[in-house]
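Values in this text are rule-based calculations from the coordinates and carry no lab data. Since the structure is predicted, the reported quantities are computational estimates derived from the model, not experimental observations. Using ideal geometry, Cβ is built from the backbone for each residue, glycine included, and neighbour counts are taken over all protein chains shown.
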Amino acid sequence: MGATLINYGRTALAEFLGDRIVYRGLEPYDKTLPSLAELRKEAGLPPGGPPRKNEVDYARVVERLLRACQEQDQPGGRIERLVFIGDTRLLDGTAYENLCRVTGWPGRAFICAEDRAPAAARWSAGEQGQPVMLANRWAALDEFDRECERLDGPIGAGTAVVIDMDKTMLGARGRNAAVIDQCRMQAVEQTVGELLGEGFDARAFRQVYDPLNQPEFHPFTADNQDYLAYICLALGSGLVDFEALVRRVRGGELSSFEAFLEEVERRKDELPGRLAALHNEIRQRVEAGDPTPFKAFRRNEYLLTQARFGCLDDAAPVAEMLAEEIVITQEVRRLALAWRERGALLFALSDKPDEASIPTPELAEQGCLPLHRAETHAIGE
């Protein structure tokens, strides 16, 4: 990538966000804002689990949160435009376009994933025609800011700036994202290993986890890491044969995680007592619409993730920090601080489960913090 990256010291996302963030459960961490139950009723949403980031109902909830923030900051004031910062064209781009469609606000988005190609940034149009700048350097945010000012006026009062947390503000895609993935992978292995005990084979586990984590199997796993972790646990217990499972999924005989759960339900007497109890717990949560039913896995993910925040000495080489820590993207931080100073409303979205992002009351008493309040190093150009 070529550019020299610099350590800008320790800080937390809360420096510019405060508590204005929702994790996957869509419950605002800032308790002065309306709860999901209130927002669901106000928006006329159906009962069930929280909508996912790529769904229109998710945008309806976020719209109401943004309007509530605006009313707190400037009673009677109006949001006139939207700016969206993210790292994936599909998921973040869809969330951005849904927000534009639901709110009616004109918008501009910046989507970045760093790579080794020559630096490039270009405007593109989403499916609904909303403009998106696609870039392969996070430093191109400065160009995005200048272009927004040239085209629409400065990003400031009257602008809602929505920023993705995962692999955008934290663990920038193409630069530092691998550490986030490592934490999740370690959490899956640790959780399954603790449950299987001496019967756990780490090498055999990876031989089933890695293939099932590919897009080919997303219709079966719903691209849900809780579901995948449970499937791997069932495979590791010997209850299910991996090759037979793959054949049945590819042949269309087994098409969903719910169907897999029901098959395990019919054979749960063959599971050891500890795994049978866990199966009952996960099945009940799935039936209740809980998108993160494997709580032990997600708690381990939280502990392993927060342990990677600011874990190195301040004098450690930047390359080592990028390989070992989860760091804040300085380019995003710098612009977010500038936009807030100009009067823009800032709000963050995270698709990371609440259980993997917010400490339990017991851990909070020990000094553990939600990820947006945990200090780490800010690294960037």
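Normalised by 2.2 N^0.38 Å, where N is the number of residues, the C-alpha radius of gyration of the stretch 245-319 stands at 1.65.
Once divided by 2.2 N^0.38 Å, the Cα radius of gyration of the stretch 155-215 becomes 1.68. Charge dipole (Cα centre; +1 on Lys/Arg Cβ, -1 on Asp/Glu Cβ; no other charges) of the stretch 26-162 amounts to roughly 240 debye.
Exposure proxy for GLU80, GLU325: other Cβ atoms within 10 Å of each Cβ, ordered fewest to most, give GLU80, GLU325. Computed across the stretch 178-302, the Kirkwood hydrodynamic radius from all distinct Cα-Cα pairs reaches 14.6 Å. Structure note, pairs LYS167/LYS268; LYS268/LYS352; LYS53/LYS295: Cα-Cα distances above 27 angstrom occur for LYS167/LYS268; LYS268/LYS352. Positive end of the dipole of the chain (Cβ unit charges, origin at the Cα centre): among PRO46, GLY343, ASN176, the Cα lying farthest that way belongs to GLY343.
For the chain, DSSP calls about 30 percent of its internal beta bridges antiparallel. Measuring between their Cα centroids, the stretch 85-160 and the stretch 26-71 lie 23 Å from each other. Annotation: the residues GLU301, GLU324, sorted from fewest to most other C-beta atoms within 10 Å of their own C-beta, follow the order GLU324, GLU301.
Stretching the chain fully between ASP223 and GLN284 yields a gain of 20.0 nm (0.36 nm per residue, less the alpha carbon separation). Given their separation in residues at 0.36 nm each and the Cα-Cα distance between them, ALA202 and ARG266 gain 20.3 nm when the chain is fully extended. Counting other Cβ atoms within 10 Å as a rough exposure proxy, the listed residues LYS31, LYS268, LYS53, LYS167 run LYS31, LYS268, LYS53, LYS167 from fewest neighbours to most. With Rh defined as the Kirkwood radius, the inverse of the mean 1/r over Cα pairs, the Rg/Rh of the chain is 0.98. Among ASP19, ASP142, ASP354, the largest mean-square fluctuation in a Gaussian network model of the chain (Cα springs under 10 Å) belongs to ASP142. Identify which of GLU281, GLU253, GLU270 has the largest mean-square fluctuation in a Gaussian network model of the chain, with springs joining Cα atoms closer than 10 Å. Looking only at GLU281, GLU253, GLU270, the largest GNM fluctuation is found for GLU253. Against the chain, whose longest principal axis comes from its Cα atoms, helix 141-152 is set at around 50 degrees.
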